[in-house]
Structures are given as C-alpha cells and as structure tokens.
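**Student:** Please find one structure pasted underneath; my questions will follow.
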Amino acid sequence: MAPSTTVPTVSDIEVPETLLKKRKQNEKAREERLAAATAARKASKAKRKVIFKRAESYVKEYLSKEKEEIRLKRAARTSGDFYVPAEAKVYFVVRIRGINEIAPKPRKILQLLRLLQINNGVFVKVTKATQQMLRLVEPYITYGEPNIKSVRELLYKRGYGKVNKQRIPLTNNAIIEESLGKYDILSIEDLVHEIATTGPNFKQASNFLWPFKLSNPNGGWRTRKFKHFVQGGDFGDREANINKLIRQMN
C-alpha cells in the first residue's frame, strides 16, 4: 500500500475563475487577430489586382495618345499642312530666385503657388488665371510642360505627401489611398495619371503633394540666369525644355 501524501495532484487543483476568463479572452483575441489578418490579406490581393489593371490601362492610354499624335503629324505633312500640337494642360513651375528684393505682389503670388524656397517645384493647372499669375512672377521662376516620364520620375524619386500637415515620403500606396481614396486615387500610378492628364481631382492631388525640393541642376544654371530663357537665360516659359531641366535637378 502506497503511503498517503498531503500534496494535491494537478487534477485536484482548481484553476481560479479569473485565470480561466483571461485564457478565454486571449484565445478569442487571437482568433479575431487571425481572422482580421486573413481578411486584410484577401483585400490587399484584390486591391493589387485593381491597381495593376489600372496601371496597364494607363500605359495603353499613353501609347495610343502618342501614336495618334504621330499619325496626325504624318497626315499634316503628307497634305502639306502644319500640325499644331494641343496647348499645355499642366505646367511644372520651379522657383529659381531667392527671397531678396521681391515686391509684395510677386511675393504673395509665390506664396499662393507654394514656392517658398529656391529650387522648389509644383504642378500647376493651366488656366487663364494661373497664366496671368505666372506672367507676374516670371523673373523668379521657370516653367514648362512636363511629359509623363518627368511626372513619374518626380513622384517616384522626390514625392512627399501632406498627411496631417506633415511631410511624409510616398513609400507605399496605403499613404496615398488614406488621403485620396475618396477621390478614387489608390496608387502612385493613379496619382501620376491624375497629374499628367489634369483629371477631375487634379486640385486635390496637387495639394496632397508637398512642393518638390529639387537640387541645383547638373552643370549649373546658364551664365545669364536672370535673363529670359529665349535670350540665353533661365527664367520664363521653356515649354518642352522643362523636361531636360527636371532630369538635371531631380
């Protein structure tokens, strides 16, 4: 006969009710977390498909637009006419002068354009009002019509968004979706398309983007920086030549 002992076995010990409740809560929370993670993965996968399809459609749109322009140029040449390309819809504006000796009116316009520092750049929709504003501050800025490649390079390399009044780098699409999801802008390609084509939500997209902080151009400015571009200087409208400047400054 085995000697009797006063030490209780595991089955004899009753687990406190609070501990049982805690275990149940932990188990429930774990299941909820797993379910939420699975749902998030599924949603992310579906969203990636949508973003990918949109990006494909944008590429097709850009290519068809390019081909159409080539076709129109050829048709004009064969018929002995001149092809006049469509007017610019969006400008990329870069501030090239500092803060010294600026009259109050141009200073205010530069503030409205959000060009507060030298080498700052912003996208501006071309309207009669913006053209008049640009004409008034022409000695302090240079601008032109950016192409798709320039818009994409700027956003991918130097793109920062305004989130809760803070300058946040555009490292993933979630940042863009959080701020611009209500305007159906879910990814960086949507943002590129909205800016390049001056879509219906251009204003919101442009305001979301923090002004670009560019470097001085490789090889420096021209010798006569404060003369108009057509006179061998740098300020004023440089049309498609802005793309070369963007490459140098980006």
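**Student:** ILE176 - would you say it is more than 11 Å from the chain's Cα centre (by Cα) and buried (at least 18 other Cβ atoms within 10 Å of the Cβ)?
**Tutor:** Numbers: more than 11 Å from the chain's Cα centre (by Cα): no; buried (at least 18 other Cβ atoms within 10 Å of the Cβ): yes.
Criteria not met by ILE176.
**Student:** Mind telling me which of the residues THR197, THR223 ends up being closer than 17 Å to GLU153 by Cα and open to solvent by 20 Å² or more (accessible area, probe 1.4 Å)?
**Tutor:** THR197
**Student:** So in segment 57-92, with the set limited to residues that are part of a strand (DSSP E or B) and not hydroxyl-bearing (Ser, Thr, Tyr), which one is farthest from ALA196 (Cα to Cα)? Show your work before the answer.
**Tutor:** At the first step, the residues of segment 57-92 found to be part of a strand (DSSP E or B) are 90-92.
Those left that are additionally not hydroxyl-bearing (Ser, Thr, Tyr): 90, 92.
Details: VAL90: 7, PHE92: 10 Å.
The qualifying residue farthest from ALA196 (Cα to Cα) is PHE92.
**Student:** Still on this structure, please answer the following. Starting from segment 37-55, take each residue that is under 13 Å from ASN173 (Cβ atoms) and list its partners that are part of a helix (DSSP H, G or I), counting only C-beta distances under 6 angstrom and pairs at least six apart or across chains.
**Tutor:** Listed pairs, sorted by first residue: ALA55/GLU189.
**Student:** Cβ contacts < 6 Å: first residue closer than 22 Å to SER150 by Cβ, restricted to segment 105-131; second residue in a helix (DSSP H, G or I) and of a type in the set (Phe, Trp, Tyr), any location; separation 6+ or different chain. Result?
**Tutor:** Listed by first residue and then by second, the contacts come to LYS125/PHE202.
**Student:** So, of the residues in segment 135-154 that are among the hydrophobic types (A, V, I, L, M, F, W, C) and without any contact (Cβ under 8 Å) to a residue 60 or more places away in the chain, which turns out to be most open to solvent (accessible area, probe 1.4 Å)? Full working, then the answer.
**Tutor:** First pass over segment 135-154, keeping only residues among the hydrophobic types (A, V, I, L, M, F, W, C): 136-137, 141, 148, 151, 154.
From what is left, the residues that are without any contact (Cβ under 8 Å) to a residue 60 or more places away in the chain are 136-137, 151.
Values: LEU136: 92, VAL137: 0, VAL151: 2 Å².
Applying the filter and picking the extreme gives LEU136.
**Student:** On to the next question. Name every residue in segment 145-177 that is closer than 20 Å to ASN241 by Cα and small (Gly, Ala, Ser), in order of residue number.
**Tutor:** Within segment 145-177, just SER150 meets the criteria.
**Student:** Could you grab the pairs with beta carbons closer than 9 Å, sequence gap of 6+ or different chains, first residue in segment 61-79 and more than 23 Å from ASP190 (Cα to Cα), second one among the β-branched types (Val, Ile, Thr)?
**Tutor:** Partner pairs satisfying both residue conditions: ALA76/VAL84.
**Student:** Looking only at residues in segment 79-92 that are out of contact with any helix residue (DSSP H, G or I) (no Cβ under 7 Å at 6 or more places or on another chain) and of a type in the set (A, V, I, L, M, F, W, C), which one is nearest to LEU136 (Cα to Cα)?
**Tutor:** Once the filter is applied, the top-ranked residue is ALA88.
**Student:** As an exercise: evaluate GLU101 against (1) within 30 Å of TYR140 (Cβ to Cβ); (2) surrounded by 10 or more Cβ atoms within 10 Å (Cβ to Cβ); (3) more than 25 Å from the chain's Cα centre (by Cα); (4) not aliphatic (A, V, I, L, M) and give the number of the one condition it does not meet.
**Tutor:** Every condition holds for GLU101 apart from (2).
**Student:** Which of (1) closer than 30 Å to PRO211 by Cβ; (2) surrounded by 12 or more Cβ atoms within 10 Å (Cβ to Cβ) does LEU72 not meet, given it meets every other one?
**Tutor:** Here LEU72 clears every test but (1).
**Student:** Just give me the residues in segment 1-60 being more than 30 Å from ILE188 (Cβ to Cβ), surrounded by 10 or more Cβ atoms within 10 Å (Cβ to Cβ) and modelled with pLDDT under 85, in sequence order.
**Tutor:** Scanning segment 1-60 gives a single hit, LEU20.
**Student:** Show the residue pairs meeting these rules: Cβ distance below 7 Å; 6+ apart or different chains; first residue within segment 185-207 and touching a residue at least 24 places away in the same chain (Cβ under 8 Å); second residue assigned to a helix (DSSP H, G or I) and among the small types (Gly, Ala, Ser).
**Tutor:** Once the first residue is touching a residue at least 24 places away in the same chain (Cβ under 8 Å) and sits in segment 185-207, its partners that are assigned to a helix (DSSP H, G or I) and among the small types (Gly, Ala, Ser) give GLU189/ALA55; LEU191/ALA205; ILE195/ALA205; ILE195/SER206.
The values are calculated or read from the model by the stated rules, or taken from the named source; none is laboratory data. It should be emphasised that the depicted structure is a prediction, and the values quoted were computed from it without experimental measurement. Don't worry about glycine lacking a Cβ; one is built from the backbone with ideal geometry, like all the others, and counts go over all protein chains shown. Heads up: the accessible areas ignore ligands, DNA and RNA and are worked out on the full protein's heavy atoms, side chains in. Shrake-Rupley method; radii C 1.70, N 1.55, O 1.52, S 1.80 Å.
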